[in-house]
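Taking it in order: structure first as structure tokens, then the write-up.
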Amino acid sequence: MPRPASSSPPGSRESHSSPVDAPRAASATSPASSPLSTSTSPATSAASAASAASAAQSPRSRRLTIRARLTLTYAGLVTGSGAVLIALVYLYMSRFQVAIPEETTGIDGDDGDIYLQITLMSEFLNRMLAISLGVLALLALLSGAVGWVVAGRMLAPLSTMNEAARQAASGDLSRRLALTGPRDEIRDLANTYDHMLDSLESSLATYRRFAANASHELRTPLATARTMIDVTLADPNASAEQLRSLAERLRETNQANVETVDALLDLAEAQSGDIYREEVDLADVVATVLAQLAPEATERRVTLPEAPGDVAVLEGDPVLLRQAVSNLLRNAVRHNVPDGGVEIELAYAGDRVRLRLSNDGSPIPEERLESLREPFVRGAGRGRTRGDGHGLGLAIVSAVAAAHGGALELSANSSGGLTAVLDLPVRAGTDDAPEPHEDAPGV
């Protein structure tokens with residue numbers, strides 16, 4: 001067959017040039033170019049850069065979805081398996097198409113019969129191949145349709161999860177997937193997602209309560225101070241004694257605010273996780289705090305026990321541990337009843353130290369125990385009276401325990417009052433240390 005004429009000379013490469021070769025050709029031109037071409041070269045470079053960027057982004061824009069890729073994979077496997085099977089059958093049949101019995105050879109007129117048999121076998125194989133290829137094409141279409149439906153059913157939970165994630169990103173954390181069916185990877189992912197939303201919703205509710213309670217705690221003294229100032233200013237004949245009394249009351253109110261802020265700083269320090277560690281005898285800490293609280297306990301008619309005599313040494317921050325023990329004992333004294341008492345037990349439990357405090361007091365419902373760990377929450381509610389504390393005691397204790405790899409356990413006494421157990425590891429980084437409480441409040 002004659003070779004088609006080419007539009008370019010045999011040695012020419014113009015017909016084989018690509019867009020990539022264009023910059024090379026431009027760079028190979030003579031430097032003696034016109035000023036116009038020199039002035040337009042930056043624009044040409046910018047256009048080339050833009051086209052290169054669009055060419056780099058085009059594969060991503062043409063990337064198929066997961067459903068389409070799963071469908072093509074399933075259809076490709078079915079079609080490929082069918083094609084291999086057809087090829088094997090065709091090769092096997094074509095190998096034995098000339099097999100002729102020996103007794104028929106050498107007889108006159110048999111050559112035509114042999115040619116006829118070979119022709120019929122060839123036509124049979126060709127027709128079988130054509131039919132097989134047609135069936136394979138139909139099978140490819142059917143497998144693609146089935147794969148599209150199956151992939152859609154498999155990926156339906158992911159679409160639901162995507163919609164739920166969009167709602168969560170907009171602030172609605174109430175929707176849950178709650179998938180049913182066999183325990184597979186998608187269901188495990190959905191269960192993990194639901195658990196994450198539960199934790200986020202619980203944490204968000206805790207922080208909202210903290211913001212509301214902190215605002216209330218800080219606003220109440222300021223509103224009280226403003227009222228006292230307004231009352232004094234409304235009296236044009238206020239004496240120096242009245243002004244002095246106002247100053248003293250304002251000082252008390254300001255001191256309450258300072259104590260609240262100091263307690264918040266203690267809570268933030270305990271939750272920072274960066275603590276100083278040294279050997280601390282918890283028995284000495286308890287004895288020191290008992291001695292400091294003895295006058296207040298006498299005034300409230302609360303009986304304090306003797307300091308534990310056993311030594312309980314552990315690694316920890318002495319300031320934070322003293323703050324935790326002080327908060328526990330102050331709560332035991334202030335939230336007690338007249339002629340009530342406090343019990344203290346300090347002992348080793350394996351490689352851990354357990355400090356148990358139990359006090360008399362008003363009955364506490366079981367459902368309110370966990371809320372006592374939150375800032376500004378008190379056993380009698382959010383109300384506050386002088387000398388009852390700021391509602392940050394157990395929140396600080398819980399944060400100190402978590403910073404040391406320990407835990408704070410709370411339980412209500414059947415006769416009234418509360419039992420608190422401070423469980424701490426003897427050494428830092430103990431493997432069997434309990435997990436920090438999920439509801440531990442934060443600043």
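Quick check on the stretch 156-184: of everything there that is of a type in the set (A, V, I, L, M, F, W, C) and farther than 16 Å from His195 by Cβ, which residue is surrounded by the most Cβ atoms within 10 Å (Cβ to Cβ)?
Among those residues, the one meeting the criterion is Leu158.
Just to be sure before I move on: is Asn331 under 40 Å from the mean Cα position of the chain (by Cα) and closer than 25 Å to Ser362 by Cα in the structure I sent?
Numbers: under 40 Å from the mean Cα position of the chain (by Cα): yes; closer than 25 Å to Ser362 by Cα: yes.
Spelling it out, Asn331 is indeed under 40 Å from the mean Cα position of the chain (by Cα) and closer than 25 Å to Ser362 by Cα.
Scan the stretch 64-96 residue by residue and report those that are aromatic (Phe, Trp, Tyr) and more than 16 Å from Val150 (Cβ to Cβ). So that I can check it myself, show each step before the final result.
Kept after step one, since they are aromatic (Phe, Trp, Tyr), are these residues of the stretch 64-96: 74, 90, 92, 96.
Hits for the stretch 64-96 are Tyr90, Tyr92, Phe96.
So in the stretch 257-269, with the set limited to residues that are free of Cβ contacts under 8 Å to residues at least 60 places away in the same chain and surrounded by fewer than 18 Cβ atoms within 10 Å (Cβ to Cβ), which one is nearest to the chain's Cα centre (by Cα)? Give the derivation first.
If we filter the stretch 257-269 for residues that are free of Cβ contacts under 8 Å to residues at least 60 places away in the same chain, which is where we start, we get 257-258, 261-262, 265, 269.
Then keep just the ones that are surrounded by fewer than 18 Cβ atoms within 10 Å (Cβ to Cβ); that gives 257-258, 261-262, 265.
Details: Asn257: 36, Val258: 36, Val261: 31, Asp262: 32, Leu265: 27 Å.
Among them, the one singled out is Leu265.
Restricting the search to the stretch 281-291, which residues are of a type outside the set (A, V, I, L, M, F, W, C) and either assigned to a helix (DSSP H, G or I) or under 20 Å from Leu372 (Cβ atoms) (or both)? Spell out how you get there, then give the answer.
Quick first cut of the stretch 281-291, residues of a type outside the set (A, V, I, L, M, F, W, C) only: 281, 284, 288.
Selection gives Asp284, Thr288.
Looking for whichever is small (Gly, Ala, Ser), in a helix (DSSP H, G or I) and touching a residue at least 24 places away in the same chain (Cβ under 8 Å) here; the options are Ser245, Ser202. Which one fits?
Working: Ser245 fails: touching a residue at least 24 places away in the same chain (Cβ under 8 Å).
After ruling out the rest, the residue left standing is Ser202.
For the stretch 273-286, which positions are under 18 Å from Ala395 (Cβ atoms) and loosely packed, with under 11 Cβ neighbours inside 10 Å?
Gly273
If Phe210 satisfies every condition in (1) surrounded by 14 or more Cβ atoms within 10 Å (Cβ to Cβ); (2) aromatic (Phe, Trp, Tyr); (3) at pLDDT 80 or above but one, which is the exception?
Phe210 satisfies all of (1) surrounded by 14 or more Cβ atoms within 10 Å (Cβ to Cβ); (2) aromatic (Phe, Trp, Tyr); (3) at pLDDT 80 or above except (3).
So which of Val337, Val319, Val289 ends up being surrounded by 18 or more Cβ atoms within 10 Å (Cβ to Cβ) and either more than 23 Å from Ala402 (Cβ to Cβ) or of a type outside the set (Asp, Glu) (or both)?
Numbers: Val337 fails: surrounded by 18 or more Cβ atoms within 10 Å (Cβ to Cβ); Val319 fails: surrounded by 18 or more Cβ atoms within 10 Å (Cβ to Cβ).
Matching residue, one of Val337, Val319, Val289: Val289.
Considering only residues that are under 19 Å from Gly361 (Cβ atoms), part of a loop (DSSP other than H, G, I, E, B) and among the aliphatic types (A, V, I, L, M), which ones fall in the stretch 292-325?
Leu304 - this is the single residue of the stretch 292-325 that is under 19 Å from Gly361 (Cβ atoms), part of a loop (DSSP other than H, G, I, E, B) and among the aliphatic types (A, V, I, L, M).
From the list Leu246, Leu197, Leu233, which one is surrounded by 10 or more Cβ atoms within 10 Å (Cβ to Cβ) and under 30 Å from Glu374 (Cβ atoms)?
On the way: Leu246 fails: under 30 Å from Glu374 (Cβ atoms); Leu233 fails: under 30 Å from Glu374 (Cβ atoms).
Unique residue meeting the criteria: Leu197.
When the residues of the stretch 390-429 are filtered to those that are outside any strand (DSSP E or B) and surrounded by fewer than 18 Cβ atoms within 10 Å (Cβ to Cβ), which remaining residue is modelled with the lowest pLDDT?
Our first condition is that a residue be outside any strand (DSSP E or B); within the stretch 390-429, this holds for 390-406, 413-417, 426-429.
Cutting the leftovers down to surrounded by fewer than 18 Cβ atoms within 10 Å (Cβ to Cβ) gives us 413-416, 426-429.
Values: Asn413: 92, Ser414: 89, Ser415: 89, Gly416: 89, Val426: 91, Arg427: 86, Ala428: 74, Gly429: 63.
By that ranking, first place goes to Gly429.
If I ask for residues that are more than 55 Å from the chain's Cα centre (by Cα) and small (Gly, Ala, Ser), which ones from the stretch 212-241 would you list?
Across the stretch 212-241, the qualifying residues are Ala234, Ala238, Ser239, Ala240.
Looking at the stretch 351-374 only, could you name the residues that are closer than 14 Å to Asn331 by Cβ and part of a loop (DSSP other than H, G, I, E, B)?
Matches in the stretch 351-374: Asp360, Gly361, Ser362, Ile364, Leu369.
The values are calculated or read from the model by the stated rules, or taken from the named source; none is laboratory data. In this text the structure is predicted, and so the values were computed from the model without any measurement. Note that we place each Cβ from the backbone using ideal geometry, even for glycine, and neighbour counts take in every protein chain shown.
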